[in-house]
1. Report the residue count in the stretch 97-110 for those that are surrounded by fewer than 18 Cβ atoms within 10 Å (Cβ to Cβ) and either assigned to a helix (DSSP H, G or I) or at pLDDT 95 or above (or both).
2. Could you please find all residues in the stretch 23-50 being outside any helix (DSSP H, G or I), open to solvent by less than 30 Å² (accessible area, probe 1.4 Å) and either of a type outside the set (A, V, I, L, M) or closer than 17 Å to residue 83 by Cβ (or both)?
3. Check 40, 51 and return the single one that is within 22 Å of residue 143 (Cβ to Cβ) and either of a type outside the set (Ser, Thr, Tyr) or in contact with a Cys (Cβ under 8 Å, 6 or more places away or on another chain) (or both).
4. Which pairs have Cβ atoms under 8 Å, sit 6 or more apart or on different chains, and link a residue in the stretch 141-157 that is at pLDDT below 95 to one that is part of a helix (DSSP H, G or I)?
5. Is it the case that the stretch 113-136 has a residue that's free of Cβ contacts under 8 Å to residues at least 60 places away in the same chain and touching a strand residue (DSSP E or B) at 6+ places or on another chain (Cβ under 7 Å)?
6. What single numbered condition from (1) out of contact with any strand residue (DSSP E or B) (no Cβ under 8 Å at 6 or more places or on another chain); (2) more than 21 Å from residue 129 (Cβ to Cβ); (3) among the hydroxyl-bearing types (Ser, Thr, Tyr) fails to hold for residue 46?
7. Among (1) farther than 26 Å from residue 154 by Cβ; (2) part of a strand (DSSP E or B), where does residue 72 come up short?
8. In this structure, is residue 4 among the hydrophobic types (A, V, I, L, M, F, W, C), crowded, with 18+ Cβ neighbours inside 10 Å and at pLDDT below 95?
Amino acid sequence: MRVLGIDPGLRNMGWGLIDVAGSRITHVANGIAHSTGNDLAMRLLSLHDQLAAMIALHGPTEAAVEQTFVNKDGVGTLKLGQARGIALLVTAQAGLIIGEYAPNAVKKAVVGVGHADKVQIAHMVKLQLPGVKLAGPDAADALAIAICHAHHLQSANRLNAALAKASA
């Protein structure tokens, strides 16, 4: 299975792809979609086009998007939500089932604590994906989201197998 993680952002939208085979996770690609344009609509369109092209190129089978956290800046939260909407739209258009994870859940899955900073996340992503060259902090966060989703899917598969065995 190929898992796409997306860290939504209006200026910089991080993305990361991993392949998952059993408990083995390997890096495929990562990058940052930078929005262009003079107004919000054009910036959102540029993010849409970049994500759609990346999905067409790499063919993920699963996707995960970080949930929006509400901060003190309501306008900033709204703009982040619009970028997140683009991430959800593009992955849904590609026919992918989408997992959504709170930032603290991603940090806990990758670092072990729910309040890790970006440096800690990047360090743990590099440990879990040896040799990875990160395109930046947003790409590291996106890979962390993909890793979190992979762990979630593996746990769900083990639970389903155990339930099937118990009911047989």
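1. Going residue by residue through the stretch 97-110, those that are surrounded by fewer than 18 Cβ atoms within 10 Å (Cβ to Cβ) are 97-98, 100, 102, 104-105, 108.
Pick out the ones that are also either assigned to a helix (DSSP H, G or I) or at pLDDT 95 or above (or both) and you get 98, 100, 104-105, 108.
Final tally of qualifying residues: 5.
2. 30, 31, 33, 35
3. Working: 40 fails: within 22 Å of residue 143 (Cβ to Cβ).
From the options 40, 51, the qualifying one is 51.
4. Taking only residues 6 or more apart or on different chains, the pairs are 151/109; 152/109.
5. no
6. Only one criterion in (1) out of contact with any strand residue (DSSP E or B) (no Cβ under 8 Å at 6 or more places or on another chain); (2) more than 21 Å from residue 129 (Cβ to Cβ); (3) among the hydroxyl-bearing types (Ser, Thr, Tyr) is unmet by residue 46, namely (1).
7. Only one criterion is unmet by residue 72, namely (2).
8. Values: among the hydrophobic types (A, V, I, L, M, F, W, C): yes; crowded, with 18+ Cβ neighbours inside 10 Å: yes; at pLDDT below 95: no.
The answer is no for residue 4.
The values are calculated or read from the model by the stated rules, or taken from the named source; none is laboratory data. Bear in mind the structure is a predicted one, so any value in this text is a computation, not a measurement. Positions of Cβ are backbone-derived with ideal geometry, glycine not excepted, and every protein chain shown enters the neighbour counts. These accessible areas exclude ligands, DNA and RNA; they are computed on the full protein's heavy atoms, side chains included. Shrake-Rupley method; radii C 1.70, N 1.55, O 1.52, S 1.80 Å.
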